[in-house]
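Student: Sending over a structure as C-alpha cells; questions will come in a sec.
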Amino acid sequence: MALTERLHRQLETHRKNRELLMQAANELSLVDQSQAGSSFGSGSQAGPLTETGPQGVPERFDLLRDRSEAQGRLPRSIALDLARLRTRQQLRSENSIKEVAGEESESDLGGEIRTTAVGPFLYLSEFYQQSHLEYAPEAGVSFQRWVCSLIKLLLGKPIDCELSQIGFIDTETTGLSGGTGAYAFLVGIGSWQPAGFLVEQFFMRDFDEEGALLSALEERLGQLQVLITFNGKCFDLPLLASRFVLHRRSWPLNHNTHLDLLHPARRLWKLRLRDCSLGNLEKQVLGVERENDIPGHLIPQVYFHYARSGKPAALRAVLQHNRQDIRSLAELTLVVSRILLGLASEDDLATEDLFGAARYLELLGQRQRSLQFAEEVLVRGAPPSLKVQVLGELAEICRSARNYSRAVTLWREMINAAPTFQAEACENLAIHYEHRAKDFTRAVEFVDYAIRLLEGQGHTEKLDRWLHRRARLQHKIARTSY
Amino acid sequence: MLEHRLTPAQAAQSLSIPRIVDELKQEQALQQCITYVKHFPPKEATFDDFPEAIDVAVRQLFYKRGIQKLYSHQAESIRQTLAGKNVVVVTPTASGKTLCYNVPVLNSIFADPDTRGLYLFPTKALAQDQMEELYQLVQLSGKDIKTFTYDGDTPQDARKAIRAQGHVVVTNPDMLHVGILPHHTKWVQLFENLKYVVIDELHTYRGVFGSHLTNVLRRLKRLCTFYGSKPLFICCSATIANPKDLAFRLLEDTVELVDQNGAPQAEKYFVFYNPPVVNQQLGIRRSYVNETRSIALHFLNRGLQTIVFANSRLVTEILVTYFKDTLEKSVVSKDLVRGYRGGYLPLERREIEKGLREGKILGVVATNALELGVDIGTLEVCIMAGYSGSIASTWQRVGRAGRRTGVSAAVLVANSSPLDQFVIRHPEYFFGQSPEHGLINPNNLEILLNHLKCAVFELPFRSGERFGAVETDEIFGFLEEQGFVHRAGDQWHWTSEAYPADAVSLRSVSSDNFVVVDMTVATKIISTVDFPSALTTVHEKAIYMHEGTQYFVEQLDYKERRARVRKVNTDYFTEAISHTEVQVLETFESQPLKRSVKNHGEIHLTTQVVGFKKIKFYTMENVGAGDLELPEQEMHTTSYWLTLPKTLMEELPYPPAARLGGVRGLAHAMRQMAVLFLMCDFKDIQLAIEDNLRREEAEPASRVHRAASSQRQIIFEPNIFIYDNYPSGIGLSQPLFDMHDQVIRETARLIQSCPCEDGCPSCVGPKGESGDLSKRVALEILTLIL
C-alpha cells in the first residue's frame, strides 16, 4: 500500500479516535474538553485558553466538521451517540460564533502598507503630544542628558547620542516558551521626536510578511544608538535575533547599547510593590489606568484568530496595548532617571522606594547619595516592618564607610527598635567595643545582655560562642586592671 | 588495542577457567543441568594501515596512545567515511568501534577548525564516557579542540559557550529533540559546519525509540539543509540481523555496511545451565536466582573478576545481598561486590567503573545498564541470571568478559519462562540463528504527527515539502483543522503558544502518564506509570511494587492522573483481570494455510479492567479477588492473527471448555515465540482471542452481558490476535505475519520438548489457568495446522 494512501487512512482513524475519546470523556464527565485531547497525546497544545471566549471557536468548528465527516464510517451505536453529542455541540458553537460576530465590525487596522524588497508589511505610527510627564519639546535636551547619565550610572559606559537615537522597544509574540516557533508579529519602537513622542509599529498581517517586517526593522534599528526595553535582555531581543537568523539576515544590534529596565525597576520597587511587571508599575508608579486593555496572555490567540479570519476587531486592542507599553516604558525610564540621578524631590517618593533607591545606589557605588537616602528614610520614620532592616543596612554602610560612631548609634537603635533579639547588632557592638574602642566593660555588657536573652529563650545551643567571648573579655579585663 | 603479554596472574587464571568449567561439568548434582558447553578458540587480529588521507598529526596522536595499526574493520570504515559514504559498523563489544568515528572527525577538525561533529548516545552515562575518551585524545594533541557533553545536566551558564564553540557536541536523542533542534538559531555554527553525525549503539534504536529517532533525524536533516550543510552519518551497532536495513530506515539514505571484525577474540567457554526440576507435575524448577548465586561463587571464590547480569532491579539487589553475605566477612573485603543499575547516582557509577577497571572490585551485579559500551575494562567471567530476551543483547553481555586476551567464561542460567526454557533447551537455535531484527515504523501516525509539529515549529514547511518520504500537505491540512498550523503564502507556520517538543517523549508513543504518590509519611512522588499500564497496575486496591517495596493503592484519580499509595507489607501481589474485545477494521493480507488462515491488518480494541486477583508470593496461590469499575479503553492498532476454522475445532475430541483451554495455551506459547523472533519487549505485543462466529449471534447483547457470558460460550472459530500494544502500531504485525511458519514451528517444539506433564509456565501457561488438557489440545491443534 502506498505510504500516502496509508497515512490518509490513518488520519481518518485518528479523527475517529479523537471522537471516541471526546465522547468517552463527555459521558464519563471525567475530563473537560480541552483535556480530552491531551490523553491522546496530540490535542494538548491548545493550551489553557480553549475554554475562554472566542479562542475555543476554531476547535469547536473542528469538532463539528470531524463529526460530520466521520459519521458515515462509524459503527451504528457510536454514530447514534455522536448525533446526540452533535446537537449539544452545535448549540454551544453557534452561541460562541454569535458572540464573536457581535464584536466584529468590518474596518481595517489603519496604517500604511509599505513594500520592501521581500514584500509588503503594515506600518503604523502615532504621535503623542502630551505625555503623562508633560512632555515638552524644549525639555527634550534634558531628557537626552538624563538617559545618557542613567546609562552611564547603570552600565558604567559613557554614551553621547541624539535624543531621537534612543529607542524604546517592545514586541508582541505568538508564544512565551522560547524556541524558533515563536514569532514576533508586532514590533513597536518609541522615540522622542521634535514633534512629540512617536510610536512606530511594524506588523505582519500574516506569517508570510515576516521577511518584510524584519527587513524594514533592520533599517530602522540601524538608526538607533540606544535601546531601552523591559525584560528585553531575556525575551524580546533573543527572540528577534532568532527571527533574523531564520531569515538569514544579519543581526543589526551588535553595536548598540542596550538598557533593560526590568532589573533597576525591581530594585527600586520590589519592596513596596512585589509585582514588578510593566503593567503594575504603570499603574502604581505612573498612575496610568488602562481602559479595555487586552490581557497579555490572550494576545497570541487573538493574533492566530486574526491571521486565519482577517477580522481585526480584537487585534486593534493588541496594537493599542503595545503602544501603551512603549509609552509607559519611556515614562518609566524618566522616573528611574529622576530617582537615581537625584533629580526627583525626595518628598515625591514613598519611603520604601527611597530605601530601595538607597540600597541600589550603594550597589552602584554611589555611597554618598545612598547614605543620604537612607538617612532620609529614618528621618521620615520608616514603617515598623522596615525600620530594623533600614537601620541594619544603614549601619552596614556606615561601617564600610568607617563612620563607626554613626554605626554604633544605629546598632543601638536597632536593639531598641526591634521587638525581637538582634543578635547581629549585639555582636557588632561587642566586636566594636572589644576591638576598636577597647572598652571591654562595655563589650561585656552587650555580651551579658545577649546571654541573658538567649537563656531566657532557651536557645542554649547558640550560647557557646557568647560564653567564649565573655571568658575572653573577662580575661582581658583582668589583665588590664593589673 | 594491541595484544598484551599475559601477566603471571592472568596466566594462572587462564588455566583455572577451563578447570572450573570442567569441575562444573563433572559435579554430580549439576550434570543434568548443564545443557550445553560451547568452546570458542582464540582468534588472531587482522591489521591494516591508517588510510593515506589521514593527517600525519592524527596518526601520531594514536601512536602516542599505543595504536600503530588499525584493525581491518576500522580501516575499512574510515575509508568509506572519507569516500563520502554513510557507514554502519557492526562488530562485537570491545572491537574498538569508537576509533571508527574519532579518527575521521579529528582528521577533519585538524584540517579545518570550523568543522563540527555531533555524537549521539542513547544514554547520558555513555555520552559522558565517550566524551572522556575523546577529551583525552584532544588533550594529547595539544590543539584547541573543544568537546562538550550537552544534556539535561549541563549547567545553564555553560550552554552558551558550548553552542558557539563546541567542535564536538556529545548528546542524546532526547536532548537533540527537546533542547537543540527547537533552538537551532542559537546553534548556527554547529548547523552550518556540521560534517559528521555519529550514532553509536544503533541497535538500541528499534521499536518506539527507533521510530522516534528517524523523525528526529528527519528534523535534523531539514535544518542542516536550511543552513547549507550535509553531514555524513557514522553508525555503530552491536550484532543484529539487519544492521544495514535498520540504518537505512533510520537515516533514510544509503549506508555502507562494515561487518568484517578485525579485532582479536579471546578463548571463551559458554555454558548453558537449566536449574533442576523440583516438581515434575507443575513444572517447577529450583530458583534461578539461587542457582546463579552458587555458580557465581564458584568463580568469585577463586578470585576471578565476575559480572552478573540480572533482568530486573530487584533481582540485582537480591544477588548483591547474597554475595555480600558470603564474601564480605572482613573490613578488608568490604565493597568487594557491588551493584550497578539505573537509579544509582552518576558519581557512584563512575567509582564502580573505576574500581572494576583497576581490579579493586571483584564482582558486580548489573542490569542492562552495563550492557552498552561503558568502559569497565576486562572481566573474566559473565553470568546471566535469566535470558535477556534477545540474542543481540546476550552477546553484548557475554562480550563483557574476556574483552581482549586470556580465557573467559560465560554462563547463562535460565529461569522458568517459556522464552528462557526454549533458549536453554535449544542451544543450536541460539548459536545458529542470526540475531534479531531491529524493526521500526517511523510513519506511525501518532509519532509522525508529533514530530511534524516539532518540525514546523522549528522551520515553516513549504507546501509540497516532504518529511522523509512522507508527503505532508494532507497532514498539515489536518493540523490546520486542529489549529496547530496556518498556511500563509505557500508555507505552513506553527500557530500555537506551546513548545511541542515538551509534549513528546522519545521513549513512548504517547507521553500521557500517571504519577504515583506515596502518602505514607509525607506526600512524595515515587514514580510514573504510562497511561496504558496505569489501569492494570495502579487501580484501587492494587499492590504496586517499586524498588522492592510494596504499596497499597488507596485511590486512582483519573482526572488528575494520580495514584495515591501507602507502604504496606503483605504476602501477596495483585494481577488485574481485563476483558478485551477485538473488532477487525481492515484486513491488509490474508493467506489460507494447510488448516488455518494467517492475517494481518488493523483492529479496534476495547479493553476494560473488570477486576483483580490476589496472588500469594512463592506459592502463587490465588487468595482472593475484587471487582473494579474502570472506564473502557479504546485503541486502534495493527495486528497479526491466526484463524482456526470451525471444522478444525470440531474435529478436536474434547469438550468445548477444553478446546478453549487449548487455544489459550497455544496463544500463550505463540506470544513468547513472537517476542523471541521480533526482538521486541514483552510488553510491545499483546494477546487477544476472539470468536469469528459469536459476533453475529451475540450482536444485540450489551457489552456487559457478553463479557459475563463469554466464559461459558462455546468457541466455534477462534482468532488468536497478537497485536502491537501501541496506538496505530509500531510495525511488528507484518513481520510477524511473514514469520508465521517459523513461529508456529518453534511453538510446537517448545511445547513438545517441555518436560512438564499437563502444562506449566514454561510452555502453555500454568495448569490452573487453561485447564488440565491445555497442553494436549494445543499440541493437537499444532499437529493439524503444521
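Student: How would A:Ile294, B:Ile109, A:Ile397 line up from fewest to most surrounding beta-carbon atoms within 10 angstrom?
Tutor: Ranking A:Ile294, B:Ile109, A:Ile397 by Cβ neighbours within 10 Å, fewest first, gives A:Ile294, A:Ile397, B:Ile109.
Student: Same structure, new question: Pairs B:Lys594/B:Lys775; B:Lys25/B:Lys775; B:Lys146/B:Lys221: which are spaced more than 29 Å apart, C-alpha to C-alpha?
Tutor: Exceeds cut-off: B:Lys25/B:Lys775.
Student: For A:Gly119, list long-range residues whose amide hydrogen, built 1.01 Å from N in the peptide plane, is under 5 Å from its own amide hydrogen.
Tutor: none
Student: Pick out the long, greasy-scoring helices in chain B: whole DSSP H runs spanning 18 Å or more along their own axis by Cα, mean Kyte-Doolittle at least 1.0. Each step should come with its number before you reach the end.
Tutor: Values: long enough: B:8-26 (27 Å, -0.24); B:98-111 (20 Å, 1.16); B:124-141 (26 Å, -0.31); B:207-227 (30 Å, 0.16); B:313-327 (21 Å, 0.55); B:445-458 (19 Å, 0.96); B:656-678 (32 Å, 0.70); B:740-753 (20 Å, -0.64).
Helices meeting the span and hydropathy rule in chain B are B:98-111.
Student: Right, here's the next one. From the phi angles alone, apply the Karplus equation (6.51, -1.76, 1.60; θ = phi - 60°) to region A:199-206 and give each ³J(HN,Hα) in whole Hz, x where the residue is Gly or Pro.
Tutor: For region A:199-206, the Karplus curve yields 10, 9, 10, 10, 10, 9, 6, 8 Hz.
Student: With N residues in region A:327-482, what two-decimal value do you get for its Cα radius of gyration over 2.2 N^0.38 Å?
Tutor: 1.30
Student: Below 13 angstrom from the Cβ of B:Glu351, what's the summed charge of the other residues (Lys, Arg +1; Asp, Glu -1)? Working shown, then result.
Tutor: On the way: positive: B:Arg338, B:Arg349, B:Arg350, B:Lys354, B:Arg357, B:Lys360; negative: B:Asp335, B:Glu348, B:Glu353, B:Glu358.
Once all neighbours under 13 Å are counted, the net charge is +2.
Student: Taking square-rooted eigenvalues a ≥ b ≥ c of the alpha carbon gyration tensor, is region A:200-240 rounded, prolate or oblate, where a/c under 1.5 means rounded and, failing that, a/b exceeding b/c means prolate?
Tutor: Oblate.
Student: Summing Lys, Arg as +1 and Asp, Glu as -1, what charge do residues with Cβ under 9 Å from the Cβ of B:Thr367 carry, B:Thr367 excluded?
Tutor: The answer is +1.
Student: Let me ask something else. Would you please give the residues with an amide H less than 5 Å from that of B:Val170, counting only those at least 5 places away or on a separate chain, with H modeled from the backbone geometry?
Tutor: HN-HN under 5 Å from B:Val170: B:Tyr119, B:Phe148, B:Thr149, B:Tyr150.
Student: Can you tell me how region B:462-510 classifies by the Cα gyration tensor, rounded, prolate or oblate, using a/c under 1.5 as the rounded cut?
Tutor: Judged from the Cα gyration tensor, region B:462-510 comes out oblate (a/c at least 1.5, b/c at or above a/b).
Student: Which percentage, to the nearest 5, of the DSSP beta bridges contained in region B:353-512 is antiparallel?
Tutor: 55
Student: Also, quick follow-up: Can you put B:Cys756, B:Cys224 in order, fewest other beta carbons within 10 Å first?
Tutor: B:Cys224, B:Cys756
Student: Taking the Cα-to-Cβ direction at B:His39 and at B:Asn569 and moving 7 Å from each Cα, how far apart do the two end points lie in nm?
Tutor: Going by the 7 Å Cα→Cβ label model, 5.2 nm.
Student: Now for a different question. At a Förster radius of 51 Å, what calculated FRET efficiency corresponds to the Cβ-Cβ distance of B:Lys25 and B:Arg595, to the nearest 0.05?
Tutor: 0.70
Student: Further question: From the helices alone, meaning DSSP H stretches of at least four residues, give me the mean residue ellipticity at 222 nm for chain B, per-run term -39500 (n - 2.57), in deg cm²/dmol to the nearest 500.
Tutor: Result for chain B, helices only: -11000 deg cm²/dmol.
Student: Read phi for every residue in region A:425-434 and hand back ³J(HN,Hα) as whole Hz from Karplus 6.51 cos²θ - 1.76 cosθ + 1.60, θ = phi - 60°, with x for Gly and Pro.
Tutor: Rounded to whole hertz, the list is 4, 4, 5, 4, 5, 4, 4, 4, 5, 6.
Student: Shape call for chain B from the C-alpha gyration tensor, a ≥ b ≥ c root eigenvalues: rounded (a/c under 1.5), prolate (a/b greater than b/c) or oblate?
Tutor: Working: a/c = 1.68, a/b = 1.18, b/c = 1.42.
Cα axes put chain B in the oblate bin.
Student: Which listed residue (A:Asn254, A:Thr351, A:Val377) has the Cα farthest towards the positive end of the charge dipole for region A:247-394, taking +1 on Lys and Arg C-beta and -1 on Asp and Glu C-beta about the Cα centre?
Tutor: Projecting each Cα onto the dipole axis, the largest value belongs to A:Asn254.
Student: Starting with the highest mean, order B:656-663, A:248-255, B:160-167, A:428-435 by the number of other Cβ atoms within 10 Å, averaged over the residues of each peptide.
Tutor: B:656-663, A:428-435, B:160-167, A:248-255
Student: Could you name the lysines in cross-link range of B:Lys541, using Cα to Cα under 20 Å and dropping any fewer than eight places away on the same chain?
Tutor: Correct list for B:Lys541: B:Lys524, B:Lys559, B:Lys567, B:Lys613, B:Lys614, B:Lys616.
Student: Amide H neighbours of B:Phe467 under 5 Å, at least 5 residues apart or on other chains, H built in the peptide plane: list them.
Tutor: Excluding prolines and chain starts, which carry no amide H, the hits are B:Thr472.
Student: I'd like the distance between the alpha-carbon centres of region B:75-151 and region B:469-500, rounded to an integer number of Å.
Tutor: 37
Student: Turning to a different aspect of this structure: Can you compute the modelled spin-label distance between B:Gln280 and B:Asp772, with each label point 7 Å from Cα toward Cβ, in nm?
Tutor: Taking the two extended label points, one gets 1.8 nm.
Student: Hey, fewest Cβ within 10 Å first, where do B:Ser388, A:Ser345 land in order? Write out the running numbers ahead of the final one.
Tutor: Details: B:Ser388 23, A:Ser345 8.
In increasing order of surrounding Cβ atoms, one gets A:Ser345, B:Ser388.
Student: Which distance in nm do the two modelled labels at A:Ser309 and A:Arg266 give, with both placed 7 Å along the Cα-to-Cβ direction?
Tutor: For A:Ser309 paired with A:Arg266, the spin-label model returns 3.8 nm.
Student: When we measure straight from the Cα of A:Lys270, which lysines land under 30 angstrom away, once same-chain ones fewer than 8 places off are left out?
Tutor: Leaving aside lysines fewer than 8 places away in the same chain, those within reach of A:Lys270 are A:Lys152, A:Lys157, A:Lys233, A:Lys283, A:Lys387, B:Lys160.
Student: Also, quick follow-up: I want the local charge near B:Ile685. Using Cβ-Cβ distances under 13 Å, sum +1 for each Lys or Arg and -1 for each Asp or Glu among the other residues.
Tutor: Surrounding charge for B:Ile685 is -1.
Student: When the label point is put 7 Å from the Cα of B:Asp153 along its Cα-to-beta-carbon vector, which residues of region B:105-136 have a backbone N closer than 15 Å?
Tutor: Output list for this probe position: B:121-133.
Student: If the reach is capped at under 13 angstrom between alpha carbons, list the aspartates and glutamates near B:Lys334, excluding any in the same chain fewer than eight residues apart.
Tutor: In chain and number order, the partners are B:Asp325.
A short reminder: the numbers here are calculations on the coordinates, not readings from a lab. These numbers were taken from a predicted model, which means no experiment stands behind them. Don't worry about glycine lacking a Cβ; one is built from the backbone with ideal geometry, like all the others, and counts go over all protein chains shown.
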